[in-house]
Amino acid sequence: MLDAPALFMAFRYPLVGSQRRTRELIHAHLDAKAGERVLDICCGIGEFAGEVSSEYLGIDLNPRFIEAAARRWAGAARKSFRVMDALRMDLPDRHFDRTMWINGLHHFSDEDAVRLLREIGRVTRTRVLIIDADGTPRGLVRRALLAADRGDWMRTPEAQRQLIGSILPIREVVTYRVGFYAEVLYDCGVTPSS
């Protein structure tokens, strides 16, 4: 059911709202300049494409989400979307200046997350922005929401930090609230060996 873009957004909006704070943090931390390329991993319906004014490519494995994103941003200059497996990106090395991966980490096992983080390091030159839900089960409502999420690998911020930091150097961590969720932002650099 949540595989349909319209149903996914209808279910999600009451839980997280417009994600104003997430959008503000993407602007502040991604800081993409004119002429730079930005990759959005697991972009879904292109929810955060509007936060990028430079060249943008959103990838997702779900063709229905990519079709919805392409319709949503039809006619927008420098926005494109492709169905692609993030674990095997058909993209050149260091092609993107910046990469963002928003609310996707909890959909990957530790093993696959490490593979994806390495792929992100391969295709990105300077900065990686990762945001994911704080998977710490606190309180009845939060436990229910975390249990209902489609991601099978909810992690505490400490587990996220260890996983991400094992591949990418973390520059800054920001924890914030969005709707019923606490989210954690990881502003990461890229090393040649990532």
Trypsin sites (Lys or Arg not before Pro) restricted to the range 160-194 and DSSP loop, no more than 11 other C-beta within 10 Å: none
Label point 7 Å beyond Cα of THR136 along Cβ direction - residues of the range 151-194 with amide nitrogen under 17 Å: 154-163, 173-186
Sum up the charges of everything whose Cβ sits under 11 Å from the Cβ of MET89, counting Lys and Arg as +1 and Asp and Glu as -1, but leave MET89 out. +1
Stretch gain in nm, segment THR126-TYR176, where the contour uses 0.36 nm per residue and the Cα spacing is subtracted: 15.6 nm
Taking the alpha-carbon centroid of each part, what is the distance from the range 16-50 to the range 175-192 in angstrom? 12
Once the other residues with Cβ under 10 Å from the Cβ of GLU36 are scored (Lys, Arg +1; Asp, Glu -1), what is the net sum? +2
Neighbour net charge for ARG98 - beta-carbon separation under 12 angstrom, K R +1, D E -1: -2
Say each of ALA77 and ASP31 gets a label point 7 Å from the Cα, pointing the same way as Cα to Cβ; how far apart are those two points in nm? 2.5
For the range 121-127, what does the Karplus curve 6.51 cos²θ - 1.76 cosθ + 1.60, with θ = phi - 60°, yield as ³J(HN,Hα) per residue in whole Hz, taken in order and with x for Gly and Pro? x, 5, 8, 10, 8, 10, 9
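Where a number appears in this text, it was derived from the coordinates with a stated rule and is not lab data. Here the structure is a predicted model, which is why all the values come from computation and not from measurement. For neighbour counting, all protein chains shown are included, and Cβ atoms are generated from backbone atoms with ideal geometry for every residue, glycine included.
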